[in-house]
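Participant: Structure provided below as structure tokens; questions to follow.
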Amino acid sequence: MPRFILLGLLVVFVGPGPAVAVQEGGGPRIPSKALLADVDLLRRLEETAHPGLYRYNTRAQIEEHFAALRSEFSRDRTLPEAYIAISQFLARLQCGHSYANFFNQPKAVAQTLFSGKNRVPFLFRWIDGRMIVTRDLTPDGTLKPGTEILALNGHPVGEILARLLTIARADGANQGKRLAYLEVRGKDRYEAFDIFLPLFYLDTAEQIRLTLRAPGAKAEAEVVVGAHDPLQREALASEAQTPRGEDQPLWRFETLDDGAAYLRMPGWALYNSKWDWKGFLDAGIDDLIDRKAPALIVDLRDNEGGLDVGNLLLERVATKPVRAGGMARYTRYRSLPEDLFPHLSTWDPSFKDWGDKAVPDRSGFFRLTKYDDDAQGDVISPRGRRFEGRLIVLVNAANSSATFHFAKLVKENGLGTLVGQATGGNRRGINGGAFFFATLPNSQVEFDLPLIATFPADAPLPDGKDLPFLNTPDAGVEPHVKVTPRVDDLIRGEDPELKAARDLLKAGTNPGRSTR
């Protein structure tokens, strides 16, 4: 069974929020009565099964969020309007795994919402609130890396960012994750900016007028560029998260000129892959040991997570068992009401009834013991020949699920050095581990419903009355060596995180390392 450890400006959704900012149009309208029935089902599912519903919201605040959604659906809405309203509601939960998942939508919904020639022909990052081009995908080289985009079709990028932040998913106050979520990095078939820009701005079409400032220029300029459809974008830009062939490698080991190994891992979503990734990693590490490589640099940038791939790496570098950091698992139910089953799908039917693996605990929670004997989840024991070189891990805000968990274990156990930016996820725990994929019957919008919450052991559990005070920071994992993204690095085509890692090796300094 696949195991999940899912997981700037500060946006905390505590009030009803703005109305859906979509222009008129967008196809047939769904009757208000039908949408309100969807809200009733959404509410029942969330209150029955979501273990983190009151992690960052009180019951009163959740009431406000539901009231805002009902108000939004007090009149007929198009599917794009409904999709945005549901996405905004889910974002207010401040759970990085509660969202209307692009990849899980019914075919008809995906066709309506995600098709069209409306993708910007460039990749970009948000740096200090500025939209900075990282890669030009125009046919004539119009947009050099480092170009700042100031407006799209006359809409200032600050306005665009503010609107899109209302749908951005992240855990708690982790705003770095929200901003990373709204970048276009060519890292997957669907990216949030591509999906929501044309839903919020219906004038996003085959031609896009850009107001920009070229690198080194003082004056602004305007250019018109051709938009891409999803297939064009994927062909030109995608660093695929899954292998093209089911048995083809997704990662690669490289040897740097100083003898260190570099392992680029753009994704760990290998649920349906037939590739022997475990054998690949073991063989690669054995080779590093044989040639006495001084270090292994693991590049996890832009890798949100998937399977617990990192555990295998830790088995080969640790000298003693590694424990998962004082977290405990909880669920909100033992057995799910059967009348909810028709609206749900999942990969493991046992999620519908935890049985005696869910033990009644405090504040209406059940302590989940199902995975307590799973060595891959709680205790990672040394295995095989040990790699004695240094471990350096490149991280950023996209690391919010299994990669967040891996970075947390590396830092807490002194197993290596983290270099880059703070991760996504949240040190107060995240929700995930098991999921229902819920489909609302009238809008046909699907949303992911996480079923397991991790909380610090012995910490107060949220009861919905007050938010529990925790000494644990409401943030991701901070790197040992922080690297701040700079526009100049993009212009020069440099990789500052990798450079910082290699500088550590040259200097012989080893922050974060303890006897492992």
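The values are calculated or read from the model by the stated rules, or taken from the named source; none is laboratory data. What you see is a predicted model; the values in this text were computed from it and never measured. A quick note on method: Cβ atoms are made from the backbone with ideal geometry, for glycine too, and the neighbour counts reach across all protein chains shown. Note: accessible area is taken over every heavy atom of the protein model, side chains too, but ligands, DNA and RNA are not part of it. Shrake-Rupley method; radii C 1.70, N 1.55, O 1.52, S 1.80 Å.
Participant: So which pairs qualify, if the first residue must be in the range 354-366 and more than 9 Å from ASP463 (Cα to Cα), the second must be assigned to a helix (DSSP H, G or I), the Cβ gap must be under 9 Å, and the two must be at least 6 apart or on different chains?
Facilitator: LYS357/SER350; PHE366/LYS357
Participant: Does any residue of the range 341-359 turn out to be at pLDDT 95 or above, more than 30 Å from ILE289 (Cα to Cα), open to solvent by less than 50 Å² (accessible area, probe 1.4 Å) and in contact with a Lys or Arg (Cβ under 6 Å, 6 or more places away or on another chain)?
Facilitator: Yes; the residues of the range 341-359 include at least one that is at pLDDT 95 or above, more than 30 Å from ILE289 (Cα to Cα), open to solvent by less than 50 Å² (accessible area, probe 1.4 Å) and in contact with a Lys or Arg (Cβ under 6 Å, 6 or more places away or on another chain).
Participant: If you go through the range 260-279 one residue at a time, how many are open to solvent by less than 70 Å² (accessible area, probe 1.4 Å) and either in contact with a Gly (Cβ under 9 Å, 6 or more places away or on another chain) or hydrophobic (A, V, I, L, M, F, W, C) (or both)?
Facilitator: Within the range 260-279, residues that are open to solvent by less than 70 Å² (accessible area, probe 1.4 Å) and either in contact with a Gly (Cβ under 9 Å, 6 or more places away or on another chain) or hydrophobic (A, V, I, L, M, F, W, C) (or both) number 10.
Participant: While we're here: For residues that are assigned to a loop (DSSP other than H, G, I, E, B) and charged (D, E, K, R), scanning just the range 407-459, find the one that is modelled with the lowest pLDDT.
Facilitator: The residue in question is ASP458.
Participant: Quickly run through the range 99-112 and pick out the residues that are surrounded by fewer than 24 Cβ atoms within 10 Å (Cβ to Cβ) and either within 23 Å of ALA269 (Cβ to Cβ) or not small (Gly, Ala, Ser) (or both). Let's see the steps before the verdict.
Facilitator: From the range 99-112, those surrounded by fewer than 24 Cβ atoms within 10 Å (Cβ to Cβ) are 99, 101-112; that's our starting set.
Within the range 99-112, TYR99, ASN101, PHE102, PHE103, ASN104, GLN105, PRO106, LYS107, VAL109, ALA110, GLN111, THR112 meet the criteria.
Participant: All but one of (1) out of contact with any helix residue (DSSP H, G or I) (no Cβ under 9 Å at 6 or more places or on another chain); (2) at pLDDT below 95 hold for ASP287; which doesn't?
Facilitator: Status for ASP287: all satisfied but (2).
Participant: Of all the residues that make up the range 152-166, how many are outside any helix (DSSP H, G or I) and within 26 Å of the chain's Cα centre (by Cα)?
Facilitator: Total meeting the criteria: 2.
Here's the yes/no breakdown for (1) open to solvent by less than 70 Å² (accessible area, probe 1.4 Å); (2) farther than 30 Å from GLY389 by Cβ; (3) basic (Lys, Arg):
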residue: LEU440; (1), (2), (3): yes, yes, no
residue: GLY464; (1), (2), (3): yes, yes, no
residue: HIS480; (1), (2), (3): yes, no, no
residue: ARG502; (1), (2), (3): yes, no, yes
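Participant: Mind checking which residues of the range 467-516 are part of a loop (DSSP other than H, G, I, E, B), basic (Lys, Arg) and under 26 Å from GLN175 (Cα atoms)?
Facilitator: Passing the criteria: only ARG486.
Participant: If you don't mind, another one. Where in the range 214-269 are the strands (runs of 3 or more DSSP E), entirely inside, with at least 2 residues that are touching a strand residue (DSSP E or B) at 6+ places or on another chain (Cβ under 7 Å), of a type in the set (Val, Ile, Thr) and modelled with pLDDT under 95?
Facilitator: none
Participant: Just the residues that are among the β-branched types (Val, Ile, Thr) and either under 15 Å from MET131 (Cα atoms) or under 30 Å from the mean Cα position of the chain (by Cα) (or both), please, taken from the range 206-227. Walk me through it before giving the result.
Facilitator: Restricting attention to the range 206-227, the residues satisfying the condition of being among the β-branched types (Val, Ile, Thr) are 208, 211, 223-225.
Of everything in the range 206-227, those that are among the β-branched types (Val, Ile, Thr) and either under 15 Å from MET131 (Cα atoms) or under 30 Å from the mean Cα position of the chain (by Cα) (or both) turn out to be ILE208, THR211, VAL225.
Participant: Continuing with this model, one more query. Take the residues in the range 301-322 that are at pLDDT 95 or above and in contact with a Leu (Cβ under 6 Å, 6 or more places away or on another chain); name whichever of them is most open to solvent (accessible area, probe 1.4 Å).
Facilitator: Filtering first and then ranking leaves ARG301.
Participant: What are the pairs, 6+ residues apart or on separate chains, where a residue within the range 463-475 that is under 22 Å from GLY96 (Cβ atoms) and among the β-branched types (Val, Ile, Thr) has its Cβ under 6 Å from a residue that is open to solvent by 60 Å² or more (accessible area, probe 1.4 Å) and assigned to a loop (DSSP other than H, G, I, E, B)?
Facilitator: That search, which allows pairs on different chains as well, returns THR472/ARG427.
Participant: For ARG43, indicate whether it is under 25 Å from the mean Cα position of the chain (by Cα), farther than 24 Å from LEU164 by Cβ, among the charged types (D, E, K, R) and modelled with pLDDT under 95.
Facilitator: no
Participant: Give just the number: which of (1) open to solvent by 20 Å² or more (accessible area, probe 1.4 Å); (2) more than 24 Å from the chain's Cα centre (by Cα) does LYS187 not satisfy?
Facilitator: Going through the list (1) open to solvent by 20 Å² or more (accessible area, probe 1.4 Å); (2) more than 24 Å from the chain's Cα centre (by Cα), LYS187 breaks only (2).
Participant: Among the residues of the range 280-294, write down those that are open to solvent by 30 Å² or more (accessible area, probe 1.4 Å) and under 21 Å from LEU250 (Cβ atoms).
Facilitator: Hits for the range 280-294 are PHE280, ASP282, ALA283, ASP286, ASP287.
Participant: So VAL487 ticks every box in (1) in contact with a Leu (Cβ under 8 Å, 6 or more places away or on another chain); (2) over 18 Å from ILE297 (Cβ atoms); (3) of a type in the set (Val, Ile, Thr) but one. Which box is left unticked?
Facilitator: (1)
Participant: Here are ASP203, ASP282: which of them is more than 24 Å from the chain's Cα centre (by Cα) and over 30 Å from PRO121 (Cβ atoms)?
Facilitator: So the residue among ASP203, ASP282 that is more than 24 Å from the chain's Cα centre (by Cα) and over 30 Å from PRO121 (Cβ atoms) is ASP282.
Participant: Please state which of the following conditions PHE193 fails to meet, knowing it meets all the rest: (1) in contact with a helix residue (DSSP H, G or I) (Cβ under 9 Å, 6 or more places away or on another chain); (2) closer than 30 Å to ILE285 by Cα.
Facilitator: Just one mismatch for PHE193, condition (2).
Participant: Against the definition (within 26 Å of the chain's Cα centre (by Cα) and crowded, with 18+ Cβ neighbours inside 10 Å), how does LEU336 come out, yes or no?
Facilitator: In short, no.
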